[in-house]
Amino acid sequence: MKIETNLEKTMEEYENQIPLKVLEQYFPGLTLLQKQQFSSAGELYKTWNQKINLISRKDIDHLYERHILHSLAIAKFMTFNKGTFLLDAGTGGGFPGLPLAILFPEVNFHLVDSIGKKIKVVNAIAQELRLGNISTEQIRAEEIKRKFDFILSRAVAPLRTLYEWTKNSISNQSRNSKHNGWIFLKGGNLEAELSQMPMKPETISINHYFSEKYFEEKFIVYFSNKI
């Protein structure tokens, strides 16, 4: 299914859009193309969500805050260098990979999920937004054979489970300011999950970056494969 979106609006038109103002508050350097892509992403998700339940009905009206901005918290934690390869394990509706792919056009994102219809929609949205740095695949994270600089994921499984699924998918060649490893978006009390990890992860409150109440119990969990 092809959905028509407008990628030809002017800078002034985008500056008047409330959802984009939320993003620009934290990412003031967005280009016109990125504003076009983020704006069109909202249209695409709302349309697709009426056909396939990518995002809960109660959350679709909060798409920019609870899904797009939440995903972009990773960009506040670190900036990925050109040519970095990232795996979004269990991407679901394309989070966090798709918003990050808009923000980092020179970084490579591979979005995977075991549910074929979700991958089909994510692929369609990426094509509509003309994102040439995204690839998709219907596959379980534990079946991935390729190597990546970082594994990303958003609350699809407990930390130890995500680690076990992907521990053989991290490249040993580091090309960023932080050593290769895992960057997960998690919420709630993480004490039990953290205690089960074989190493001590770094935990950062997203409220450190974003002031919205939604992020009060949301965290970035990072750990590297460096021994």
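The values are calculated or read from the model by the stated rules, or taken from the named source; none is laboratory data. Being a predicted model, the structure only gives us computed values, none of them experimental. Neighbour counts run over all protein chains shown; Cβ positions are idealised from the backbone, glycine included. Just the protein is used for accessible areas: all its heavy atoms, side chains included, with ligands, DNA and RNA removed. Shrake-Rupley method; radii C 1.70, N 1.55, O 1.52, S 1.80 Å.
Cβ-Cβ contacts under 6 Å between residues 6 or more apart (or on different chains), taken from a first residue in segment 179-201 that is touching a residue at least 40 places away in the same chain (Cβ under 8 Å) to a second residue that is polar (S, T, N, Q), are listed as HIS179/SER224; ASN180/SER171; ASN180/SER174; ASN180/ASN225; GLY181/SER224; GLY181/ASN225. Any residue at all in segment 201-209 that's within 18 Å of the chain's Cα centre (by Cα) and within 20 Å of LEU111 (Cα to Cα)? For segment 201-209, residues within 18 Å of the chain's Cα centre (by Cα) and within 20 Å of LEU111 (Cα to Cα): absent.
Let's see how each residue does on (1) open to solvent by less than 10 Å² (accessible area, probe 1.4 Å); (2) under 20 Å from LEU30 (Cα atoms):
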{"residue": "PRO99", "(1), (2)": "yes, yes"}
{"residue": "ASN108", "(1), (2)": "no, yes"}
{"residue": "ALA126", "(1), (2)": "yes, yes"}
{"residue": "ASN133", "(1), (2)": "no, yes"}
{"residue": "ARG140", "(1), (2)": "no, no"}
{"residue": "PHE148", "(1), (2)": "yes, no"}
{"residue": "ASN172", "(1), (2)": "no, no"}
{"residue": "SER177", "(1), (2)": "no, no"}
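Might you check whether a residue that is open to solvent by less than 60 Å² (accessible area, probe 1.4 Å), under 19 Å from the mean Cα position of the chain (by Cα) and at negative phi occurs anywhere in segment 190-199? No: zero hits.
Quick one: in segment 66-89, of everything that is touching a residue at least 40 places away in the same chain (Cβ under 8 Å) and touching an Asp or Glu at 6+ places or on another chain (Cβ under 6 Å), which residue is nearest to LYS167 (Cα to Cα)? If we take residues in segment 66-89 being touching a residue at least 40 places away in the same chain (Cβ under 8 Å) and touching an Asp or Glu at 6+ places or on another chain (Cβ under 6 Å), then PHE85 is nearest to LYS167 (Cα to Cα). Looking across segment 122-136 at every residue that is in contact with a helix residue (DSSP H, G or I) (Cβ under 6 Å, 6 or more places away or on another chain) and part of a loop (DSSP other than H, G, I, E, B), the one that is farthest from ILE55 (Cα to Cα) is identified as ASN133.
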